[in-house]
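Below is one structure, written out as structure tokens; the observations come after it.
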Amino acid sequence: MKAIKISPLSITLPFLALSPIFMIFTSNLILGERLGKFGMAGIVLTAVGAYLLNVSTTRKGILEPFKAIRRERGSLYMIMVAFIYSITSNLGKMAVLHSSPLFFAATYLPILSVLFFPILVWKNQGKMKQLFSHATLFGLIGVAIALATITHFLAVNLAEVAYVISVKRMSLLFGIMYGAFWFKETNVMERLIGGFVMILGVIIITVL
């Protein structure tokens, strides 16, 4: 949430495509899953996609896109998110295998809500009325997150977690387009190309 607040959607969301790269190591350690021979090719493509997100800055130097990523704090936050997801996705599958998709979905989010609610109250003193003044909006967001969580754990229960995450990362393309349509973000075509390349790398890593 911090990443998408301070930086454009079109430049932060594509970095979620890095989570399958981290899963090369975390899935092997946690679940014993290993990727095929095309893994390195996928890694290279994903790195190229990350480079293309800021390709217009190359006029300042070949390494300028990477410097731009370092300066864009939202991108750094999203890379951290991708690494955390690479761990929690594997742990989530372990939990599903020891219970059921619906049981874990029904307990996971409520537990998170209980843990974070005191922080919400502490950080937003005097602003809690916003929750009730936008009840319909927050309600729709809650329903969407609940459905996404349930279908995610159903998918994890049916397929290898790396395959599930690779398909899930296709949402990056929608995020880039939403950033252009709703928030009038610029340089979207440049970032859309980078997003496509990153997703192609993810597909090669997890499918071939």
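Is one or more of the residues making up region 73-80 closer than 16 Å to LEU16 by Cα, at pLDDT 70 or above, assigned to a helix (DSSP H, G or I) and open to solvent by 100 Å² or more (accessible area, probe 1.4 Å)? Working first, answer last.
So the first thing to find is which residues in region 73-80 are closer than 16 Å to LEU16 by Cα, and the list is 73-80.
Now drop any that are not at pLDDT 70 or above, which leaves 73-80.
If we keep only those that are assigned to a helix (DSSP H, G or I) too, we end up with 73-80.
Narrowing further to those that are open to solvent by 100 Å² or more (accessible area, probe 1.4 Å): 73, 80.
Looking through region 73-80, at least one residue is closer than 16 Å to LEU16 by Cα, at pLDDT 70 or above, assigned to a helix (DSSP H, G or I) and open to solvent by 100 Å² or more (accessible area, probe 1.4 Å).
Looking only at residues that are more than 14 Å from ILE204 (Cβ to Cβ) and surrounded by fewer than 21 Cβ atoms within 10 Å (Cβ to Cβ) in region 27-51, which one is modelled with the lowest pLDDT?
Per the criteria, the residue is TYR51.
Between a first residue in region 161-173 that is of a type in the set (Phe, Trp, Tyr) and a second residue that is open to solvent by 10 Å² or more (accessible area, probe 1.4 Å), which pairs have beta carbons less than 9 Å apart while being 6 or more apart in sequence or on different chains?
TYR163/ALA155; TYR163/VAL207
Could you check ASN157 against (1) more than 14 Å from the chain's Cα centre (by Cα); (2) farther than 30 Å from PHE104 by Cα; (3) assigned to a helix (DSSP H, G or I) and say which number it fails?
(2)
Quick check on my filter: what residues within region 1-20 are in a helix (DSSP H, G or I), under 15 Å from ILE79 (Cβ atoms) and open to solvent by less than 30 Å² (accessible area, probe 1.4 Å)?
Result: ALA3, ILE11, THR12, PRO14, PHE15, LEU16, ALA17, LEU18, SER19, PRO20.
Taking region 95-107 on its own, how many of its residues are touching a helix residue (DSSP H, G or I) at 6+ places or on another chain (Cβ under 7 Å) and surrounded by 15 or more Cβ atoms within 10 Å (Cβ to Cβ)?
Residues flagged as touching a helix residue (DSSP H, G or I) at 6+ places or on another chain (Cβ under 7 Å) and surrounded by 15 or more Cβ atoms within 10 Å (Cβ to Cβ) within region 95-107 amount to 5.
Please enumerate the residues belonging to region 160-170 that are in a helix (DSSP H, G or I) and either open to solvent by 60 Å² or more (accessible area, probe 1.4 Å) or at pLDDT 90 or above (or both).
Selection gives TYR163, VAL167, LYS168.
The values are calculated or read from the model by the stated rules, or taken from the named source; none is laboratory data. Just so you know, these numbers come straight off a predicted model, no measurement behind them. As a convention, Cβ positions derive from the backbone with ideal geometry for all residues, glycine included, and neighbour counts pool all protein chains shown. SASA here: full protein model, heavy atoms, side chains in, ligands and nucleic acids out. Shrake-Rupley method; radii C 1.70, N 1.55, O 1.52, S 1.80 Å.
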